[in-house]
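The values are calculated or read from the model by the stated rules, or taken from the named source; none is laboratory data. Since this is a predicted model, take the numbers as computed values, not measurements. Positions of Cβ are generated from backbone atoms using ideal geometry, with glycine treated the same way; all protein chains shown enter the neighbour counts. Quick note on the areas: whole protein, heavy atoms, side chains included, nothing else; ligands and nucleic acids left out. Shrake-Rupley method; radii C 1.70, N 1.55, O 1.52, S 1.80 Å.
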Amino acid sequence: MVWGVSHSEFIVAQDNATYFLETAGRVGGANIVELVEAATGVNLWREWAKVEIAGEEGSYSVPEPKTDAAGLLISLTKEEWPSADEFSDPEIVWRMKKPWHIGMIVRSTQHARVEDLLREYTQRVQEQHMAYQPPPDRPGY
């Protein structure tokens, strides 16, 4: 790519080994754009458009990002439109509006606060909302 947008994905395993997953010529999916904007104030779609308009010969300046911490939690749910009213902390800056899902982004200037909220919310979502299907005893088609 001469110019444009790409994203790369890695997974860090429990033993701290890092594994490469993919690189794609687009911004990330799964509400990553909303997460990045919550933490930095930078909208990746908008910036991609600016890069494309500038083209190979134009100029583009990277915006000065904020340095907040943010975290994203999304889960499938047992209900079509679950109530998320129990999650009311002021750090919630975005809520998912999608059937059979619950999701939110939390933001704070304190990284530890984001981690604490995500830990608490993950436990509550798992206990009260999360839908899952146990794996079969043996693979099937």
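Matching the structure-derived Rg and Dmax of the Cα atoms in Å against the labelled list [x] 18.4, 58; [y] 18.9, 59; [z] 15.7, 50 gives the label [x].
Of the solvent-accessible surface of the chain, computed with a 1.4 Å probe and all protein chains present, 52% belongs to carbon and sulfur.
Provide the per residue accessible area, probe 1.4 Å, for the chain, rounded to a whole number of square angstrom.
So the chain comes to 71 Å² accessible per residue, rounded to a whole number.
Positive contributions from Lys and Arg (+1) and negative ones from Asp and Glu (-1), summed over other residues with Cβ under 15 Å from the Cβ of Val51, come out at -1. Between Ser8 and Glu22, the distance separating the two model label sites (each 7 Å from Cα on the Cα→Cβ line) works out to 1.6 nm. Under 5 Å from the amide H of Trp94 lie the amide H atoms of Ile105, each residue being 5 or more positions distant or on a separate chain, with H modelled from the backbone and absent for Pro and chain starts. The calculated FRET efficiency for Arg113 paired with Leu76, based on their beta-carbon distance and R0 = 25 Å, is about 0.40. The string of couplings for the range 112-120 from the Karplus curve (6.51, -1.76, 1.60, θ = phi - 60°) is 4, 5, 4, 4, 4, 4, 5, 4, 5 Hz, one whole number per residue in order, with x for Gly and Pro. A simple rule links phi to the HN-Hα coupling: the Karplus curve 6.51 cos²θ - 1.76 cosθ + 1.60 with θ = phi - 60°, which for the range 2-18 gives 7, 8, x, 10, 9, 9, 10, 10, 9, 10, 9, 6, 4, 8, 6, 6, 9 Hz, with x for Gly and Pro. Annotated for the chain: lysine pairs at least 8 residues apart or interchain, Cα distance under 26 Å, count 4. Amide H contacts of Thr77: His101, Ile102, Ala131, each under 5 Å away and 5 or more positions distant or on a separate chain (H built 1.01 Å from N in the peptide plane; Pro and chain starts excluded). Specify the residue with the greatest mean-square fluctuation among Glu56, Glu91, Glu79, computed from a Gaussian network of the chain linking alpha-carbon atoms under 10 Å apart. For the chain, modelled as a Gaussian network with Cα springs under 10 Å, the answer is Glu56. The residue among Leu118, Thr77, Pro90 whose Cα reaches farthest toward the positive pole of the charge dipole of the chain, with charges on the beta-carbon of Lys, Arg, Asp and Glu, is Thr77.
Per-residue ellipticity at 222 nm from helix content only, as computed over the chain with -39500 (n - 2.57) for each DSSP H run of at least four residues, stands at -8500 deg cm²/dmol.
Shown in residue order for the range 130-136 are the 3J(HN,Hα) couplings computed by the Karplus curve 6.51 cos²θ - 1.76 cosθ + 1.60 at θ = phi - 60°: 4, 9, 8, 10, x, x, x Hz (x for Gly and Pro).
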